[in-house]
Amino acid sequence: MTGLDDLTRDYRTAFLRYLPRREEAPLHHGYEIGRSAFADGLSLLELARVHHEVFLEVLRDTATEELSTVATAASEFFLEVLATYDMTQRGFLDEG
């Protein structure tokens, strides 16, 4: 993965695959996106911005009665994307 444009494209694709059925495969892809972003030196703030942009795109086309479900799915997906950052931080803190 190179750059924010690629990250945004990959994030959007994986998140849209996750939304309808909330299956493990696209959730795992979210984890891999986070791993790649970490390896590429992207910050948590950049990931948060990408998540926010994609989430807003999805919300624009979401019916009112589905907002809670979509928001929950977005949270689940984003937490999976952030897992690598969390594990790395915990490892760093454990060493210190």
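Express the Stokes-Einstein translational diffusion coefficient of the chain in µm² s⁻¹, to the nearest whole number, given a Kirkwood radius over alpha-carbon pairs, 10 °C and a viscosity of 1.306 mPa s.
116 µm²/s
Work out the length of the dipole vector of the range 3-95 about its Cα centre, built from +1 on the beta-carbon of each Lys and Arg and -1 on the beta-carbon of each Asp and Glu, and round it to the nearest 20 debye.
140 debye
Quick one, can you get me the convex hull of the C-alpha atoms of the range 1-41 expressed as volume per residue in Å³?
So the per-residue Cα hull volume is 46 Å³.
Using 0.36 nm per residue, how much length does the chain from T72 to T13 gain when fully extended, once their Cα-Cα distance is taken away?
Length gained, T72 through T13: 19.5 nm.
For the chain, what does -39500 (n - 2.57) per DSSP helix run (n ≥ 4), summed and divided by total residues, give at 222 nm, in deg cm²/dmol to the nearest 500?
Result for the chain: -29000 deg cm²/dmol, rounded to the nearest 500.
Once fully extended, how much extra length lies between L4 and A63, figured as 0.36 nm per residue of separation less the alpha-carbon to alpha-carbon distance?
Additional length available on full extension: 18.4 nm.
With each pseudo-label sitting 7 Å past Cα toward Cβ, what's the R21-L45 distance in nm, one decimal?
3.9 nm
Each value in this text was obtained by applying a stated rule to the coordinates, not by laboratory testing. Worth saying up front: this structure is predicted, and the values here are computed from it rather than measured. Note: ideal-geometry Cβ built from the backbone for every residue, glycine included; neighbour counts use all protein chains shown.
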